[in-house]
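Student: Have a look at the structure that comes next, please.
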2 protein chains.
Amino acid sequence: MPGREAYAANRLTRNDFRGLDADDPLNGARGEFDLPDETIYLDGNSLGAMPRTAADRLAGIARNWRRDLNRGWSEHGWLDAPLLLGDKIAQLIGADAGEVAAGDSTSVNLFKLLAAALRLRPGRSTILTEDPNFPSDLYIARAVERMVGGEVHVKSVPRDDLTNAIDDDTAVLMLTQADFRTGYLHDMAALSRIAGERGALSLWDLSHTAGVYPVNLNSCGADLAVGCGYKYLNGGPGAPAYLFVARRHHDTLEQPLAGWLGHEKPFLFETQYRPAAGVARTICGTPSVFGLATLEAGVDIQLKHDIDEIRRKSTALTRLFMRLIDQECAADGFGIITPILDEHRGSQVSLAHPDAEQLIAGLADHGVIGDFRAPNILRFGFAPLYVRYTDVWEAVARLKEATRG
Amino acid sequence: MPGREAYAANRLTRNDFRGLDADDPLNGARGEFDLPDETIYLDGNSLGAMPRTAADRLAGIARNWRRDLNRGWSEHGWLDAPLLLGDKIAQLIGADAGEVAAGDSTSVNLFKLLAAALRLRPGRSTILTEDPNFPSDLYIARAVERMVGGEVHVKSVPRDDLTNAIDDDTAVLMLTQADFRTGYLHDMAALSRIAGERGALSLWDLSHTAGVYPVNLNSCGADLAVGCGYKYLNGGPGAPAYLFVARRHHDTLEQPLAGWLGHEKPFLFETQYRPAAGVARTICGTPSVFGLATLEAGVDIQLKHDIDEIRRKSTALTRLFMRLIDQECAADGFGIITPILDEHRGSQVSLAHPDAEQLIAGLADHGVIGDFRAPNILRFGFAPLYVRYTDVWEAVARLKEATRG
């Protein structure tokens, strides 16, 4: 619905934002979260808000633990939770049922898949990535490089050189779909296609896109992916992460965190590891049941809403925030480092300012929660399910006050 | 207090067990767990019982998540939880503060420490272990072998050959302190000492001992350890695990799951990984806050009770169970595969029987929960904090009925 806010093409006023909220087809979604009324929360890309059902789900699992003890693993589906929840997450990221497993952390999952990618592409020794990629993704890539040894190495090139750098030594192209600092969005379809044409695998970190952007892993031809559960999926503090393996790799994928639940028959306690069929072979240890439950609470909300509608609102929120910064804070020394073009921008706006850290702290004192990222970035994430258009207006108004002190 | 049940030296009766409960200095501890009255739960080595405080702690974290959102990481100590809880667990396993971190699964932690051990002992290429060790520990060891490649290999020898097999190619001796099938206890002090004398590291899996046995890592000279949170520590379904690194290795330990929270300065988001000081460098991703909270609930109960008292009761429970099997079920074809000598026995009794699987199922129908382990083992774990002496009597009585039923 481009142009929904076109009537506000000139100078924006508070009333414009009230009107946008009134007309917002997602304006009922905020009620599915339990958020303090007074808080304007623009940090859902750090830790998402709490689904209203989360506390009850935790209490329900505690009841089942108390009453059924170890039988909970079978009677309450705890053991199957990584795959059942994986099937739900698959619907959010353009994957098929059976291609996603929930569990462990994003870094642990990335380690599994990078090591697996090198095994899937013997004779190729480059892990290709962007300079800069998300720092902890780089740490893990270099840790894989160091552990495998030999010729394997991580190669980081600037974004514009990525396409040319994919060559016949590239085992895997590892990228974060939306840059955590700037919000810049990669073209997953084009890069996955080029990687595939040159015999390389593509591995995507969806931590800053899943839930706010129509991720289409399979239609883009992506091979592998990982993502975080506690940002826009609203899974709670330290919620399990997830990973995706395209079905075509299921029979040959071999990952190094070969734990008991990735075994074909875990309860036989065989001394030899035999990987389970499908994505189940990526599971390592016993599922963290409480974390999976709150993650499912968040994912269930996502599944009720159309991702294209979410993306439309996300784009509008970020565009309007940038317009208001121009309109209200032109003299305050902010640099907008987020892409202006909608198709290049994730669900965040990042501003550079020499006093970024103090400004973020000052805003928090006035009920607006953003994030500071060193050295000089104010980062604001817009979760369309619970961020209101009037929040955008209020946030900029308070930022202006904070800046002028 | 050896001899507490000596008055029952002849034929045991139900009254003997009632008397033991009445005199049990730990008989108040069961009230700290929320257990169904009618259940005789002899499977705490699979999934422990629920601490009474667990549900409230979960609800408290949900409240803090709702209200304080991402500020919870600092304001409620979520970020420090792995080390703060690690310090508590350290007290249960004979480690010092700063040597233990909670998080991830046992298998993930074992992977970290095995890879680290190989780095600490360059030029040595053998991971030495017992045949059979716990299956998933073997899976992980072989996965490390495969990923590192080169000369590194896993060598499994029968228990009696372990000492002779430690040689100048042994990088690490990896053992489970109590065998999960039989309950056999290794001599941690002797084996750690011999490993050390021959230049190898010792790595212990404490999953079946921590909480029911006085584990003394430092006085035994152990180098590394891992353990499970959801068995005798009563941390809840899929609770985080933990790991131990002796302080003398803190400066040189390098582990491959180099995630953001193991970084010296996580919030600088530097592109280069710099390991944190101390055991913090073993932490990988964001802590799973709900799981850590229920684990802490379980650990807090342990800390209120003397581990020597717990071990005394554990030894009595298992000894009496075996005596009753002899007394009541002599004709029923059970073989006791658990060591008879107290000092060789963990907190479990395992019986071999051709109908093991059906018997365990039949017992469960009559309120006695044990575990079947393929191919023919009935496994009963005795958690002294909530298992009563009369539970031992009842369990054997019902087993007798089930066998003859």
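The values are calculated or read from the model by the stated rules, or taken from the named source; none is laboratory data. Bear in mind that the values here come from a model prediction, so they are computed numbers and not experimental data. Glycine gets a Cβ as well: all are built from the backbone with ideal geometry, and neighbour counts include every protein chain shown.
Student: I'd like to know if region B:126-133 contains one or more residues that are more than 24 Å from residue B:216 (Cα to Cα) and surrounded by 17 or more Cβ atoms within 10 Å (Cβ to Cβ).
Tutor: Checking region B:126-133: at least one residue is more than 24 Å from residue B:216 (Cα to Cα) and surrounded by 17 or more Cβ atoms within 10 Å (Cβ to Cβ).
Rundown of residues vs (1) under 24 Å from residue B:350 (Cβ atoms); (2) touching a residue at least 40 places away in the same chain (Cβ under 8 Å); (3) out of contact with any strand residue (DSSP E or B) (no Cβ under 9 Å at 6 or more places or on another chain), yes/no style:
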site	(1), (2), (3)
B:169	no, yes, no
B:175	yes, yes, no
B:180	yes, yes, no
B:184	yes, yes, no
B:189	no, no, yes
B:195	no, no, no
B:199	no, yes, no
B:202	no, no, no
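Student: Here's a follow-up. Exactly one condition in (1) in contact with a helix residue (DSSP H, G or I) (Cβ under 9 Å, 6 or more places away or on another chain); (2) modelled with pLDDT of 95 or more; (3) closer than 25 Å to residue B:276 by Cβ is not met by residue B:87; state its number.
Tutor: (1)
Student: At least 3 residues that are buried (at least 23 other Cβ atoms within 10 Å of the Cβ) and not assigned by TED's automatic domain parsing to the domain that holds residue B:229 in each: list the helices (runs of 4 or more DSSP H) lying fully within region B:52-108 that qualify.
Tutor: Numbers: elements: B:54-68, B:72-75, B:81-92.
Ranges flagged: B:54-68.
Student: Moving on. Does residue A:240 qualify as being farther than 14 Å from residue A:302 by Cβ, in contact with an Asp or Glu (Cβ under 9 Å, 6 or more places away or on another chain) and of a type outside the set (A, V, I, L, M)? First the steps, then the outcome.
Tutor: On the way: farther than 14 Å from residue A:302 by Cβ: yes; in contact with an Asp or Glu (Cβ under 9 Å, 6 or more places away or on another chain): yes; of a type outside the set (A, V, I, L, M): yes.
Answer is yes for this residue.
Student: Can I ask one more? Filter region A:204-229 down to the residues that are under 12 Å from residue A:89 (Cα atoms) and within 13 Å of chain B (Cβ to nearest Cβ) and list them by number.
Tutor: The answer is A:226, A:227, A:228, A:229.
Student: Being modelled with pLDDT of 95 or more, away from chain B (no Cβ under 13 Å) and under 21 Å from the mean Cα position of the chain (by Cα) narrows it down to one residue among A:104, A:96; which is it?
Tutor: Values: A:104 fails: away from chain B (no Cβ under 13 Å).
Of A:104, A:96, the one residue that is modelled with pLDDT of 95 or more, away from chain B (no Cβ under 13 Å) and under 21 Å from the mean Cα position of the chain (by Cα) is A:96.
Student: Taking region A:180-212, which residues are surrounded by fewer than 24 Cβ atoms within 10 Å (Cβ to Cβ) and aromatic (Phe, Trp, Tyr)?
Tutor: Residue satisfying the conditions is A:184 alone.
Student: Here's something else I'd like to know. One residue is enough: does region B:109-132 have a residue meeting the conditions at pLDDT below 95 and either not charged (D, E, K, R) or not in a loop (DSSP other than H, G, I, E, B) (or both)?
Tutor: Among the residues of region B:109-132, at least one is at pLDDT below 95 and either not charged (D, E, K, R) or not in a loop (DSSP other than H, G, I, E, B) (or both), which makes the answer yes.
Student: Do we find that residue B:40 is over 30 Å from residue A:41 (Cβ atoms), outside the structural domain of residue B:393 (by TED's automatic domain parsing) and among the hydrophobic types (A, V, I, L, M, F, W, C) in this structure?
Tutor: Details: over 30 Å from residue A:41 (Cβ atoms): yes; outside the structural domain of residue B:393 (by TED's automatic domain parsing): no; among the hydrophobic types (A, V, I, L, M, F, W, C): yes.
Spelling it out, it is not the case that residue B:40 is over 30 Å from residue A:41 (Cβ atoms), outside the structural domain of residue B:393 (by TED's automatic domain parsing) and among the hydrophobic types (A, V, I, L, M, F, W, C).
Student: For region A:118-163, name all the residues that are of a type outside the set (Ser, Thr, Tyr), more than 23 Å from residue B:119 (Cα to Cα) and over 21 Å from the mean Cα position of the chain (by Cα). First the steps, then the outcome.
Tutor: The first filter runs over region A:118-163 and keeps only residues of a type outside the set (Ser, Thr, Tyr), leaving A:118-124, A:127-128, A:130-135, A:137-138, A:140-155, A:157-162.
Those still in the list that are more than 23 Å from residue B:119 (Cα to Cα) too: A:120-124, A:128, A:130-135, A:155, A:157-162.
Across region A:118-163, the qualifying residues are A:120, A:121, A:122, A:123, A:124, A:155, A:157, A:158, A:160, A:161, A:162.
Student: Can you tell me which residue is nearest to the chain's Cα centre (by Cα) among those in region A:250-267 that are farther than 14 Å from residue A:284 by Cβ and within 13 Å of chain B (Cβ to nearest Cβ)?
Tutor: Among residues in region A:250-267 that are farther than 14 Å from residue A:284 by Cβ and within 13 Å of chain B (Cβ to nearest Cβ), the one nearest to the chain's Cα centre (by Cα) is A:264.
Student: When you look at residue A:217, is it crowded, with 24+ Cβ neighbours inside 10 Å and either under 14 Å from the mean Cα position of the chain (by Cα) or closer than 25 Å to residue B:292 by Cβ (or both), yes or no?
Tutor: On the way: crowded, with 24+ Cβ neighbours inside 10 Å: yes; either under 14 Å from the mean Cα position of the chain (by Cα) or closer than 25 Å to residue B:292 by Cβ (or both): yes.
In short, yes.
Student: Whether any residue in region B:35-42 is touching a strand residue (DSSP E or B) at 6+ places or on another chain (Cβ under 6 Å), in contact (Cβ under 8 Å) with a residue 40 or more places away in the chain and either of a type in the set (Lys, Arg) or within 9 Å of another protein chain (Cβ to nearest Cβ) (or both) is what I want to check.
Tutor: Within region B:35-42, one or more residues are touching a strand residue (DSSP E or B) at 6+ places or on another chain (Cβ under 6 Å), in contact (Cβ under 8 Å) with a residue 40 or more places away in the chain and either of a type in the set (Lys, Arg) or within 9 Å of another protein chain (Cβ to nearest Cβ) (or both).
Student: When residues of region B:349-367 are filtered for being within 22 Å of the chain's Cα centre (by Cα) and within 14 Å of chain A (Cβ to nearest Cβ), how many remain?
Tutor: Going residue by residue through region B:349-367, those that are within 22 Å of the chain's Cα centre (by Cα) are B:349-351.
If we keep only those that are within 14 Å of chain A (Cβ to nearest Cβ) as well, we get B:350.
Selection size over region B:349-367: 1.
Student: May I pose another question? Can you find a residue in region A:105-121 that is free of Cβ contacts under 8 Å to residues at least 40 places away in the same chain and among the β-branched types (Val, Ile, Thr)?
Tutor: no
Student: Tell me, yes or no, whether region A:230-249 has at least one residue that is farther than 21 Å from residue A:106 by Cβ, surrounded by 17 or more Cβ atoms within 10 Å (Cβ to Cβ) and at the interface with chain B (Cβ under 7 Å from one of its Cβ atoms).
Tutor: no
Student: With region B:270-381 as the region, which strands (runs of 3 or more DSSP E) entirely inside it contain at least 2 residues that are free of Cβ contacts under 8 Å to residues at least 40 places away in the same chain and either touching a helix residue (DSSP H, G or I) at 6+ places or on another chain (Cβ under 8 Å) or buried (at least 16 other Cβ atoms within 10 Å of the Cβ) (or both)? Break it down into steps so the answer makes sense when it comes.
Tutor: Details: elements: B:348-352, B:371-373, B:377-381.
Because the criterion is at least 2 residues that are free of Cβ contacts under 8 Å to residues at least 40 places away in the same chain and either touching a helix residue (DSSP H, G or I) at 6+ places or on another chain (Cβ under 8 Å) or buried (at least 16 other Cβ atoms within 10 Å of the Cβ) (or both), the strands (runs of 3 or more DSSP E) in region B:270-381 that meet it are B:348-352.
Student: Hey, another quick one. Look at region A:174-185 and say how many of its residues are modelled with pLDDT of 95 or more and either in contact with a Phe, Trp or Tyr (Cβ under 9 Å, 6 or more places away or on another chain) or not assigned by TED's automatic domain parsing to the domain that holds residue A:135 (or both).
Tutor: 6
Student: Further question: If I ask for residues that are more than 26 Å from the chain's Cα centre (by Cα), not in a loop (DSSP other than H, G, I, E, B) and not hydrophobic (A, V, I, L, M, F, W, C), which ones from region B:8-27 would you list? Break it down into steps so the answer makes sense when it comes.
Tutor: Within region B:8-27, the subset more than 26 Å from the chain's Cα centre (by Cα) is B:8-20, B:22-23.
Next, only the ones that are not in a loop (DSSP other than H, G, I, E, B) stay: B:8, B:14-20, B:22-23.
Within region B:8-27, B:14, B:15, B:16, B:18, B:19, B:23 qualify.
Listed here are the residues, each with its yes/no results for (1) over 20 Å from residue B:253 (Cβ atoms); (2) within 11 Å of another protein chain (Cβ to nearest Cβ); (3) of a type outside the set (Ser, Thr, Tyr).
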residue	(1), (2), (3)
B:136	yes, yes, no
B:144	no, yes, yes
B:151	yes, no, yes
B:157	yes, no, yes
B:165	yes, no, yes
B:169	yes, no, yes
B:173	no, no, yes
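Student: Moving to a separate point now. Taking region A:255-268 on its own, how many of its residues are in a loop (DSSP other than H, G, I, E, B) and either surrounded by fewer than 18 Cβ atoms within 10 Å (Cβ to Cβ) or polar (S, T, N, Q) (or both)? First the steps, then the outcome.
Tutor: Filtering region A:255-268 for residues in a loop (DSSP other than H, G, I, E, B) gives A:255-259, A:264-265.
Filter once more, so that each one left must be either surrounded by fewer than 18 Cβ atoms within 10 Å (Cβ to Cβ) or polar (S, T, N, Q) (or both): A:255, A:264-265.
Within region A:255-268, residues that are in a loop (DSSP other than H, G, I, E, B) and either surrounded by fewer than 18 Cβ atoms within 10 Å (Cβ to Cβ) or polar (S, T, N, Q) (or both) number 3.
Student: Moving on to the next point. Which of the residues that make up region A:268-291 are within 10 Å of another protein chain (Cβ to nearest Cβ) and either hydroxyl-bearing (Ser, Thr, Tyr) or closer than 25 Å to residue B:158 by Cβ (or both)?
Tutor: Passing the criteria: A:268, A:269, A:270, A:271, A:272, A:273, A:274, A:286, A:288.
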